[in-house]
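The structure under discussion appears below in the form of C-alpha cells.
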Amino acid sequence: MNSTKIIDTASAAVANLIPAITGLTGNIAIASAGAIVAPIIQSGVSEIAHQILGNLQRKKVLASANITCETIVQNLDKGKQLRTDDFFKFHHNPIVEENESPASKLFDGSLLKAKEEYDSKKIPFISFFTANIFFAPNINESKAIVMLEILGKLTYRQLCGLYIFYKRNIMPVGRWEIRLKETPALQDYYDIAYEFLSLKDSLLIVQNIPGQGIGISDYRISALGKELVVTANLSSIPQEDLFCLENKVNYITSALR
C-alpha cells in the first residue's frame, strides 16, 4: 500500500502524515488506533521540524516518518492490534518538563537515528522496527531502546549478514577469526569478517555449544538476533544485496576449510 508519500517540508509532513493514519478507512478499529498513534507521529515530526536541518537530513527524517506510518497502516490493515500495555501512556518527565510515552521516545529516537544515518539504505529498517514495536507487547520499553541502539550502530552490510545468519542459523565465523589473518589470499575480505564477527559484541550471535559434530568455532543467531530480524523486517532486504554478500561468505568459508 502506498498510503503516504515522501514530502519535502516538515510543515507538510505534520499536515499530511496524520490523515494517512486516521483517515485511511471507515474502519472503527483503525480509526481508534490512529487516534492513539497520530499524536506521537505529529509531536515527533513537529519537534524535528524546529531543528535546523540540511536538505538531505530533512529528506531522511521525513522518509523515516512516512515509512513508519505506512508500516503501521499496513499492520492495522492486516488485522494486527496495537499493544495494550502502558507503551502509549504518557507520563510527565520533570527533566525536560514534557509529557512523553515509551512509544513517543522510541519514535523520536528513530527519527534522530534516521537524521544522522549516512547510509540511507538503513532508514527503512529503522522505521520498520519502530512501527512493529508498536504491535509487540513482548518487547518492553527498555529492550526496545537497546534494540534501537544496536540497530543504529550496525552497518547495512551487517544487517544483511544478520539475515544470512537467520537463514542459515549456524555459521563457522569463529574459524574466520582464527585463520583469516593467516591466509594472505583473503586479506581483501577482512572488512566482511570484521562485520560478521562484530555481531557477537551486540549479542546478536552467540557461540554454539559444541556437540553433535558442531565445532566450537561455530556461531548461531541468538534469540535477540532473531527478534531484531523480525521486528526490523530484514526479510525485505533486496535479494541482490544478499546474493552478493552470500557469495563472498561462501568463498571465505571454502577457502578456510
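Remarks
- Checking residue 188 against (1) farther than 30 Å from residue 67 by Cα; (2) under 20 Å from the mean Cα position of the chain (by Cα), the condition it does not meet: (2)
- Residues satisfying the stated conditions in the range 105-131, i.e. of a type in the set (Gly, Ala, Ser) and either under 17 Å from residue 38 (Cα atoms) or outside any helix (DSSP H, G or I) (or both): 109, 110, 127, 131
- A Cβ distance below 6 Å, combined with a sequence gap of six or more or placement on separate chains, defines the contacts here; from the range 181-200, residues that are within 20 Å of residue 166 (Cβ to Cβ) and at pLDDT 90 or above reach residues that are surrounded by fewer than 17 Cβ atoms within 10 Å (Cβ to Cβ) and not hydroxyl-bearing (Ser, Thr, Tyr) in the pairs 192/248; 197/177.
- Taking the numbered list (1) surrounded by fewer than 17 Cβ atoms within 10 Å (Cβ to Cβ); (2) within 21 Å of the chain's Cα centre (by Cα); (3) not basic (Lys, Arg) in turn, residue 45 passes all entries but (1).
- Identity of the residue in the range 50-104, charged (D, E, K, R) and in contact with a strand residue (DSSP E or B) (Cβ under 9 Å, 6 or more places away or on another chain), that ends up farthest from residue 34 (Cα to Cα): 98
- Among the residues of the range 76-89, those that are crowded, with 18+ Cβ neighbours inside 10 Å and either aromatic (Phe, Trp, Tyr) or over 12 Å from residue 103 (Cβ atoms) (or both) comprise 76, 87, 88.
- Scope the range 116-146; condition small (Gly, Ala, Ser) and buried (at least 22 other Cβ atoms within 10 Å of the Cβ); matching residues: 127, 131, 144
- Pairs with Cβ under 6 Å, 6+ apart, first in the range 135-152 and within 14 Å of residue 107 (Cβ to Cβ), second among the small types (Gly, Ala, Ser) and surrounded by fewer than 19 Cβ atoms within 10 Å (Cβ to Cβ): 148/109
- Residue tally, condition touching a Gly at 6+ places or on another chain (Cβ under 8 Å) and surrounded by fewer than 21 Cβ atoms within 10 Å (Cβ to Cβ), over the range 90-115: 2
The values are calculated or read from the model by the stated rules, or taken from the named source; none is laboratory data. Please read these numbers as outputs of a predicted model, since none were measured by experiment. All Cβ positions, even for glycine, are placed from backbone atoms using ideal geometry, and neighbour counts span all protein chains on display.
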